[in-house]
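The values are calculated or read from the model by the stated rules, or taken from the named source; none is laboratory data. Remember, it's a predicted structure, so these values are computed and weren't measured experimentally. Heads up, the Cβs are rebuilt from the backbone with ideal geometry, glycines too, and the neighbour counts pull from every protein chain shown. To get the accessible areas, we keep the full protein, side chains included, count just its heavy atoms, and leave off ligands, DNA and RNA. Shrake-Rupley method; radii C 1.70, N 1.55, O 1.52, S 1.80 Å.
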Amino acid sequence: MLKGKNVIDPMDLSLEELDEILNLADEIIAEPNKFTHACDGNVLAALFYEPSTRTRLSFEAAMCRLGGKVIGFSEPNASSVAKGESIADTIRTIACYADVAVMRHPKEGAPRVAAQYSDIPVINAGDGGHQHPTQTLTDLLTIRATMGRLDNLTIGCCGDLKFGRTVHSLIKTLSRYENNKFILISPEELEIPEYIRREVLEKRNIEFKQVRTMEEAMDELDILYMTRVQRERFFNEEDYIKLKDTYILDNEKMKLAKKDMIVLHPLPRVNEISYEVDNDQRAVYFKQAKYGMFVRMALILKLLGIY
Ligand code: CP
């Protein structure tokens, strides 16, 4: 039963609940007109303490397409946060006005704190370098639609695996499906955090290896999940400059990949995928961005108990 739930971590959703959400997203894609008034009279609060294009606008578009309304802020300095209001007081106030809240925050754990004080469901839209569960829903819907399955896959995660919250949530989730394997491609400085390696991969006996070059992995992969080096999480610019162009996917590297491999990227991209790759039919990252809206429509409907 998803009604009233908070979605802070991917583990907040069981495999059955993930299936329910993905199946409803498929229904919405097939018959969008059926859902045009599903959220009439409901309000979504979008509380963005950090920049966003896809997550914020896809949530807003999702609610609009369901007939609901959206309130919120994309710049915390335009709210009473600038006067020093706490997350607890902010969410208690928002809960008087809205039926569901979406929160992005630079501090890890902030949406969890909000959920503790909230009478309405809180959705984590990305907390620092920690988790991004609705990006994972987007990724799952894209993988299921293009590959036809969520198991028996070899997934290459490439780039900033240390600060890249989308990768943390994706590994946590895909490691719950049968026989998935991971190849983790990163420089030493940007390796996957120890808690993911130990508590998720090693604890569940998931097959994985860590490599330093894309060439070592390309021909094995069913999915290549590219990520941006997260400039905003670095303590100094020098370290970022040194690492930012470690991996650049181009047409030459795509020649090493399987014919049916897919390339995902949560976006935004900076330099890590050359624009020439966009024309390759295996590049599905803009399709992925579109699926993000449909899966968020499904999530809103489930959390509000409408479907
Ligand atoms: N994928 C993602 O979270 O993108 P935004 O930062 O634009 O929301």
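Condition check for GLN288 on (1) within 16 Å of the ligand (Cβ to nearest atom); (2) open to solvent by 70 Å² or more (accessible area, probe 1.4 Å): one failure, at (2).
When region 129-141 is filtered for residues that are under 25 Å from PHE234 (Cβ atoms) and either touching a Gly at 6+ places or on another chain (Cβ under 6 Å) or assigned to a strand (DSSP E or B) (or both), the ones remaining, listed by number, are GLN131, HIS132.
Of the helices (runs of 4 or more DSSP H) lying entirely inside region 48-128, the ones with 2 or more residues being more than 16 Å from the ligand (Cβ to nearest atom) and surrounded by fewer than 14 Cβ atoms within 10 Å (Cβ to Cβ) are found at 87-94. Can we say ILE196 is assigned to a helix (DSSP H, G or I), under 19 Å from the mean Cα position of the chain (by Cα) and at pLDDT 95 or above? The answer is yes for ILE196.
Going by the structure shown, is MET293 more than 21 Å from SER186 (Cβ to Cβ), within 15 Å of the ligand (Cβ to nearest atom) and either open to solvent by 10 Å² or more (accessible area, probe 1.4 Å) or in contact (Cβ under 8 Å) with a residue 60 or more places away in the chain (or both)?
On the way: more than 21 Å from SER186 (Cβ to Cβ): yes; within 15 Å of the ligand (Cβ to nearest atom): yes; either open to solvent by 10 Å² or more (accessible area, probe 1.4 Å) or in contact (Cβ under 8 Å) with a residue 60 or more places away in the chain (or both): yes.
Yes.
A residue that is within 16 Å of the ligand (Cβ to nearest atom), in a loop (DSSP other than H, G, I, E, B) and open to solvent by 10 Å² or more (accessible area, probe 1.4 Å) occurs nowhere in region 243-260. Selection of first residues in region 106-122 that are assigned by TED's automatic domain parsing to the domain that holds TYR49 and of second residues that are part of a loop (DSSP other than H, G, I, E, B) and of a type in the set (A, V, I, L, M), restricted to Cβ pairs under 6 Å at least 6 apart or on distinct chains, gives the following pairs, ordered by first then second residue: PRO111/ILE8; ARG112/ILE8; ALA115/ILE8; SER118/ALA95; ASP119/ALA95; ILE120/ALA95. Determine, yes or no, whether MET226 is in contact with a His (Cβ under 6 Å, 6 or more places away or on another chain) and touching a residue at least 24 places away in the same chain (Cβ under 8 Å). Considered against the rule, which asks whether it is in contact with a His (Cβ under 6 Å, 6 or more places away or on another chain) and touching a residue at least 24 places away in the same chain (Cβ under 8 Å), MET226 comes out as yes.
Would you point out the residue of region 142-166, among those that are assigned to a helix (DSSP H, G or I) and not aliphatic (A, V, I, L, M), that is surrounded by the fewest Cβ atoms within 10 Å (Cβ to Cβ)? Explain how you work it out, then say what you get.
Restricting attention to region 142-166, the residues satisfying the condition of being assigned to a helix (DSSP H, G or I) are 142-147, 165-166.
Then keep just the ones that are not aliphatic (A, V, I, L, M); that gives 142, 144, 146, 165-166.
On the way: THR142: 22, ARG144: 18, THR146: 16, ARG165: 24, THR166: 25.
My answer is THR146.
Residues considered: ALA45, ALA30. Of these, the only one that is at pLDDT 95 or above, away from the ligand (no atom under 16 Å from the Cβ), surrounded by 13 or more Cβ atoms within 10 Å (Cβ to Cβ) and not assigned by TED's automatic domain parsing to the domain that holds ARG233 is ALA45.
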